[in-house]
Amino acid sequence: MDVRYSGELEHLIEQAARISESTRTFTIVNSCKDTIWPAITPGGNFTGSGFSLKRGQSTVYTIPDSWTGRIWARTGCDFDKDGNGKCKTGGCGEVLNCTGPGSRPSTLADFTLGSIDYYDVSVVDGFNLPVAIQPSGGKGNCSSAGCDGDLRDNCPPELAVKEDGKTVACRSACDVFHTGEYCCTGQFDNPMTCLPTNYSRSFKQVCPAAYSFGYDDPTSILTCSSADYVVAFCATRNQKVCSYHDKQLTCSVVDSSKASTLVSSISQRWQNLILTFLFILKFGILF
């Protein structure tokens with residue numbers, strides 16, 4: 001091979017490797033019974049996004065590994081063909097494609113990516129849907145994060161957001177009462193004085209692995225390195241979550257205490273070959 005072309009090939013391979021190492025794959029899954037409208041905040045070289053997912057649908061995003069942001073789901077939305085409209089919970093203005101954070105209350109999947117990733121599920125800004133974060137292929141502790149329970153079921157009346165007599169979200173005490181004690185502001189803005197309240201304790205009881213107040217770091221913020229992530233709404237940390245993209249079925253099973261992620265990828269071609277083989281084998285035996 002010509003030395004010049006060999007050098008160019010090596011350069012291209014190195015470039016491809018750097019590009020591969022500089023991004024992460026995020027799979028967003030709707031395990032809810034209704035359509036949701038997930039959103040991703042912009043950051044770094046990522047412009048942010050907003051989209052709809054019907055029940056059982058999923059989508060994949062490639063996000064720079066320097067990204068810091070959040071993913072959440074909006075509910076009860078009505079958008080026109082131009083992407084203008086409103087949501088009952090989690091709306092980011094009146095647009096489908098979010099360029100900033102959503103409105104409270106909403107359950108948040110927070111990420112700070114880097115050489116070490118930091119991630120958590122937070123109900124500090126309130127709750128609208130259960131959500132689980134499942135790391136895949138990472139190094140380190142890589143535990144799954146999530147709010148497995150549904151805070152709407154036992155939301156205190158003074159925090160409940162109602163729609164047609166039904167609780168569609170649960171606000172935070174800070175959002176309702178605006179005091180330093182609940183918001184961890186002023187003299188309460190440090191780990192020694194910002195302590196759990198009756199409201200945050202009740203949230204923590206339902207969602208023990210989620211951030212429940214401003215300084216809930218020790219039991220809520222998790223770390224992993226070089227991982228891809230599945231963010232699944234209305235799923236639990238132990239739940240098997242599957243997505244289908246590019247003719248490939250991927251399923252992840254996560255132990256809530258340790259993210260021992262099992263990823264099985266079966267191409268459509270191999271599925272068809274297996275089914276054909278079983279069909280021939282069956283009728284070959286019968287006849």
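Considering each residue of the range 1-42, count those that are out of contact with any Asp or Glu (no Cβ under 8 Å at 6 or more places or on another chain), surrounded by fewer than 21 Cβ atoms within 10 Å (Cβ to Cβ) and at pLDDT 90 or above, and give that number. Before the answer, list the steps.
Filtering the range 1-42 down to residues out of contact with any Asp or Glu (no Cβ under 8 Å at 6 or more places or on another chain) leaves 1-20, 28-42.
Narrowing the set further to residues that are surrounded by fewer than 21 Cβ atoms within 10 Å (Cβ to Cβ) leaves 1-20, 32-35, 42.
Filter once more, keeping what is at pLDDT 90 or above: 32-35, 42.
Counting residues in the range 1-42 that are out of contact with any Asp or Glu (no Cβ under 8 Å at 6 or more places or on another chain), surrounded by fewer than 21 Cβ atoms within 10 Å (Cβ to Cβ) and at pLDDT 90 or above gives 5.
Let's see how each residue does on (1) outside any helix (DSSP H, G or I); (2) surrounded by fewer than 17 Cβ atoms within 10 Å (Cβ to Cβ); (3) touching a residue at least 40 places away in the same chain (Cβ under 8 Å):
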site: P157; (1), (2), (3): yes, yes, no
site: A169; (1), (2), (3): yes, no, yes
site: Q187; (1), (2), (3): no, yes, no
site: N190; (1), (2), (3): yes, yes, no
site: L195; (1), (2), (3): yes, yes, no
site: Y199; (1), (2), (3): no, no, yes
site: P208; (1), (2), (3): yes, yes, no
Mind checking whether some residue in the range 151-168 is of a type outside the set (D, E, K, R) and modelled with pLDDT under 95? yes
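Of all residues being assigned to a strand (DSSP E or B) and over 21 Å from C224 (Cβ atoms) in the range 39-51, which is nearest to the chain's Cα centre (by Cα)? Just the residue, please.
Keep residues of the range 39-51 that are assigned to a strand (DSSP E or B), which gives 39-40, 43, 46, 49-50.
Checking which are over 21 Å from C224 (Cβ atoms) leaves us with 39, 49-50.
On the way: A39: 10, S49: 13, G50: 13 Å.
Filtering first and then ranking leaves A39.
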Top-ranked residue in the range 83-112 [being in a loop (DSSP other than H, G, I, E, B) and basic (K, R); ranked as surrounded by the fewest Cβ atoms within 10 Å (Cβ to Cβ)]: K88
For the range 52-82, how many residues meet the condition of being crowded, with 18+ Cβ neighbours inside 10 Å and part of a loop (DSSP other than H, G, I, E, B)? 3
Could you run through the range 135-155 and say how many residues are acidic (D, E) and part of a loop (DSSP other than H, G, I, E, B)? 2
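For the range 171-185, which positions are assigned to a loop (DSSP other than H, G, I, E, B) and without any contact (Cβ under 8 Å) to a residue 60 or more places away in the chain?
Taking the range 171-185 first, the residues assigned to a loop (DSSP other than H, G, I, E, B) are 171-172, 178-179, 184-185.
Matches in the range 171-185: H178, T179, C184, T185.
Does T193 meet the test of being under 19 Å from R104 (Cβ atoms) and not aliphatic (A, V, I, L, M)?
Working: under 19 Å from R104 (Cβ atoms): no; not aliphatic (A, V, I, L, M): yes.
No, not satisfied.
The values are calculated or read from the model by the stated rules, or taken from the named source; none is laboratory data. Keep in mind that what you see is a predicted model, and the values were worked out from it rather than measured. Neighbour counts run over all protein chains shown; Cβ positions are idealised from the backbone, glycine included.
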